[in-house]
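Before any comments, here is the structure.
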Amino acid sequence: MTDRRFADFWFDPSCPYTWLTSRWMTEVERVRPVRVRWHVMSLAVLNEHAEVDPEGDTEGYLWLPVRLFTAVERRYGQEALARLYTAFGTRVHRDGQWGFDGVLAEAGLPAELAVVAESTEYDQAVRASHAEGIAKVGDHVGTPVISSGGVSFFGPVISRVPRGEDAGRLWDGTLLVAAVPGFHELKGRPHEEPEF
């Protein structure tokens, strides 16, 4: 398809709502001429100067996945990053199995790569990718950030994944609303627990 457009998607892999939005975007790829390019952002970086961390991450766990994901993107590219996100998100968010055991193998990546999660080797790269995404919308938002065709926005935050043409309509509508000059915020129903 020659008129395919890119959608750059910044995500923190630890966020369950972002995981659902990412699955919506994989559905959008099936029904619209869109190709997702995945990028890491970090809730740990976003909240590091907050008086109270809204994620409650006092141990620094949120650094581990973003370091690993950034290393995979840098060493193995977009397709490997997408495979890792699918494997990790399925195992962690859908199945409730936290950690990296088996996730790298499932994504076709070497198990020894897990050591980078405990290293600061990729921290600069995490910060740079995060800064690129957050610059699109400002630091008053969280994850995910999506940018496509000059239109950038936070979210949408969804608690279940629309499928087929429903996914396409949400994409069309989100782009339409986010592209309106002066548009700032739109909220829906009260918060619901994510449905995987």
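Observations on the structure shown:
- So R37, is it surrounded by fewer than 21 Cβ atoms within 10 Å (Cβ to Cβ), at pLDDT 95 or above and among the basic types (K, R): yes
- A single entry from G108, G138 fulfils the requirement of being out of contact with any strand residue (DSSP E or B) (no Cβ under 8 Å at 6 or more places or on another chain) and either assigned to a helix (DSSP H, G or I) or open to solvent by 30 Å² or more (accessible area, probe 1.4 Å) (or both): G108.
- Qualifying residue in segment 41-57 (condition: out of contact with any Cys (no Cβ under 7 Å at 6 or more places or on another chain), open to solvent by 50 Å² or more (accessible area, probe 1.4 Å) and at pLDDT 95 or above): no
- Of all residues in segment 100-142, those that are polar (S, T, N, Q) and in contact with a Leu (Cβ under 6 Å, 6 or more places away or on another chain) total 0.
- Contact map, segment 78-98: residues that are without any contact (Cβ under 8 Å) to a residue 12 or more places away in the chain paired with residues that are surrounded by 18 or more Cβ atoms within 10 Å (Cβ to Cβ) and of a type outside the set (S, T, N, Q), Cβ distance under 7 Å, separation 6+ or inter-chain. Pairs shown: Q97/R91; W98/V92.
- The residue of segment 6-21 that is nearest to the chain's Cα centre (by Cα), among those that are closer than 17 Å to K136 by Cβ and open to solvent by less than 10 Å² (accessible area, probe 1.4 Å), is F11.
- In segment 145-182, the residue that is surrounded by the most Cβ atoms within 10 Å (Cβ to Cβ) out of those that are β-branched (V, I, T) and assigned to a helix (DSSP H, G or I) is T174.
The values are calculated or read from the model by the stated rules, or taken from the named source; none is laboratory data. Remember, predicted model here, so these are calculated numbers, not experimental data. Because the Cβ atoms are built from the backbone with ideal geometry, glycine has one as well, and the counts that use them run over all protein chains shown. Quick note on the areas: whole protein, heavy atoms, side chains included, nothing else; ligands and nucleic acids left out. Shrake-Rupley method; radii C 1.70, N 1.55, O 1.52, S 1.80 Å.
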